[in-house]
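In what follows, a single structure is set out as structure tokens and then discussed.
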Amino acid sequence: MDFKSYLKVFETNTLNKYNRVEWQFLKGIMEKMGFPALWIERVMSCVTTPTFSILVNGKPCGMIHPSRGIRQGDSLSPYLFLLCVEGFTALLAKAEIEGRIKGVFICRGAPRITNLLFADESLMFCQAIQNEGQVVMEILQTYAQALGQCVNLEKSSVYFSNNTIGNQRQLMLQILGVKEVERFESYLGLPTLIGRAKYHTFSYLKDRIWKKLQGWKGMLLSRAGKEMLIKAVAQSIPTYTMSVFQLPMKLCDELSSMCARFWWGQVVDERKIHWKRWDKLSISKKEGGMGLQDLRDFNLAMLAKQGWRLIQGNDSLLYRCFKARYFPRSSFLEAKELLGCSYVWRSILTTLLILRLVLVGGLVMGLP
């Protein structure tokens with residue numbers, strides 16, 4: 001059978017994530033990972049010594065001594081939670097070694113993936129068969145009992161590949177106890193499926209920037225204040241998306257036009273004279289410009305950083321997957337666009353000429 005499923009597991013909520021951690025589990029994980037005894041003692045002291053008081057009619061009452069959990073809002077808490085998640089990944093790795101779950105791979109020669117983690121969300125991959133579904137639930141229950149966390153099945157969901165038949169889907173849904181989704185519109189703030197209408201796919205960036213600019217219209221801002229807002233807020237909104245996808249030129253021009261109208265003081269439908277073209281303002285200050293971003297060039301620069309990582313980091317999961325799928329018999333710099341390749345890959349390929357100039361021509365660029 002080649003049925004595959006994609007399980008998206010969420011923790012109950014942020015409160016449970018921090019306040020349902022068993023201290024003995026955290027200590028055992030640090031000991032297993034080889035942390036020095038003195039370090040473990042100091043970390044556990046930070047975890048176990050806090051006390052809390054509550055406000056009753058505006059007055060603090062009582063001192064509560066917690067028996068488990070990690071204090072929410074503490075800068076140390078996210079790192080400790082990541083250590084706890086190592087126990088979860090260890091259970092998945094053990095099950096994979098034992099052959100109880102197989103994970104998925106994008107093509108022959110690509111590494112098998114059983115899970116991906118980001119913040120408090122866990123993505124698990126398995127075949128849509130009864131045995132693997134039961135193993136997944138067993139791992140989740142073991143982890144929850146040891147750590148003290150609870151998985152909220154109402155917020156969890158499962159996504160099946162197209163070749164999964166109806167009987168297998170119903171069986172997996174009964175075992176996992178979660179709901180099925182046909183597609184994920186977005187994940188981590190990025191669209192998951194890119195169709196032909198790319199302008200409409202990324203139009204949410206235009207809406208977000210427009211809302212920001214409209215909120216600033218009524219404010220009395222100096223030129224310096226407008227410059228800082230454009231650079232630090234308006235032009236930083238699409239940065240995350242531009243580091244993965246190449247935005248349509250039409251959208252980049254419209255985003256720049258919105259910033260230009262705000263810079264020259266346009267309000268609603270009122271028209272103001274633009275005394276300088278935007279490409280002149282985008283020149284660095286040393287050359288007489290304002291140093292504002294040219295979104296097209298900045299988009300290519302962000303994608304070139306991804307290409308540079310593919311050149312430098314041959315051990316990363318991203319490189320191994322792309323290598324097996326798109327350039328198995330050549331280097332990244334010799335890769336070509338293939339029929340049916342993803343939009344992420346086509347976006348990165350647009351920077352090949354820049355990367356070749358960097359390596360062959362000896363140009364100096366600030367790429368990490």
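Table for the structure above
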quantity: Residues being in a loop (DSSP other than H, G, I, E, B) and closer than 29 Å to ILE129 by Cβ - total across segment 176-198; calculated: 10
quantity: Segment 90-106 - residue that is out of contact with any Phe, Trp or Tyr (no Cβ under 9 Å at 6 or more places or on another chain) and open to solvent by less than 30 Å² (accessible area, probe 1.4 Å) and, of those, farthest from TYR187 (Cα to Cα); calculated: ALA95
quantity: Test: residue in segment 48-56 that is under 26 Å from PHE118 (Cα atoms) and surrounded by 12 or more Cβ atoms within 10 Å (Cβ to Cβ); calculated: no
quantity: Segment 107-122 - residue that is of a type outside the set (Ser, Thr, Tyr) and under 14 Å from PHE88 (Cβ atoms) and, of those, most open to solvent (accessible area, probe 1.4 Å); calculated: PHE118
quantity: Residue match in segment 327-347 (condition: within 30 Å of ARG223 (Cα to Cα) and touching a helix residue (DSSP H, G or I) at 6+ places or on another chain (Cβ under 9 Å)); calculated: no
quantity: Looking only at segment 289-347, and only at residues there that are among the polar types (S, T, N, Q) and outside any helix (DSSP H, G or I), the one that is farthest from ILE237 (Cα to Cα); calculated: SER330
quantity: In segment 221-240, residue modelled with the lowest pLDDT [restricted to those that are of a type in the set (A, V, I, L, M, F, W, C) and in a helix (DSSP H, G or I)]; calculated: ALA224
quantity: Per-region count, segment 44-61, residues touching a helix residue (DSSP H, G or I) at 6+ places or on another chain (Cβ under 7 Å) and not in a helix (DSSP H, G or I); calculated: 0
quantity: Selection count, segment 87-103, where residues are more than 18 Å from GLN134 (Cβ to Cβ) and touching a residue at least 40 places away in the same chain (Cβ under 8 Å); calculated: 1
quantity: Unmet criterion (only one of (1) among the small types (Gly, Ala, Ser); (2) modelled with pLDDT under 85; (3) in a loop (DSSP other than H, G, I, E, B)) for ALA110; calculated: (2)
quantity: Qualifying residue in segment 179-201 (condition: hydroxyl-bearing (Ser, Thr, Tyr), surrounded by 15 or more Cβ atoms within 10 Å (Cβ to Cβ) and in contact with a Leu (Cβ under 7 Å, 6 or more places away or on another chain)); calculated: no
quantity: Residue within segment 290-300 that is at pLDDT below 85, more than 28 Å from PRO191 (Cβ to Cβ) and open to solvent by less than 70 Å² (accessible area, probe 1.4 Å) present; calculated: yes
quantity: Which numbered condition MET63 fails, given (1) open to solvent by less than 80 Å² (accessible area, probe 1.4 Å); (2) over 24 Å from GLN145 (Cβ atoms); (3) of a type outside the set (Phe, Trp, Tyr); calculated: (1)
quantity: Residue count for segment 123-175, restricted to those that are open to solvent by less than 70 Å² (accessible area, probe 1.4 Å), part of a helix (DSSP H, G or I) and out of contact with any Ser or Thr (no Cβ under 6 Å at 6 or more places or on another chain); calculated: 18
quantity: Residue match in segment 203-212 (condition: open to solvent by 40 Å² or more (accessible area, probe 1.4 Å), within 30 Å of SER161 (Cβ to Cβ) and of a type outside the set (Gly, Ala, Ser)); calculated: yes
quantity: Among the candidates LYS323, LYS336, residue that is surrounded by 15 or more Cβ atoms within 10 Å (Cβ to Cβ) and within 17 Å of CYS107 (Cβ to Cβ); calculated: LYS323
quantity: Count of segment 261-287 residues which are open to solvent by less than 100 Å² (accessible area, probe 1.4 Å), assigned to a helix (DSSP H, G or I) and either modelled with pLDDT under 75 or under 14 Å from ARG223 (Cβ atoms) (or both); calculated: 3
quantity: Among the candidates GLY87, GLY103, residue that is closer than 25 Å to SER316 by Cβ, at pLDDT below 85 and not basic (Lys, Arg); calculated: GLY103
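The values are calculated or read from the model by the stated rules, or taken from the named source; none is laboratory data. This one's a predicted model, so the numbers in the text were calculated from it and none came from an experiment. So basically every Cβ, Gly included, is an ideal-geometry build from the backbone, and we count neighbours across all protein chains shown. Ligands, DNA and RNA are stripped out before the accessible areas are found, and what is left, the full protein with its side chains, is counted by its heavy atoms. Shrake-Rupley method; radii C 1.70, N 1.55, O 1.52, S 1.80 Å.
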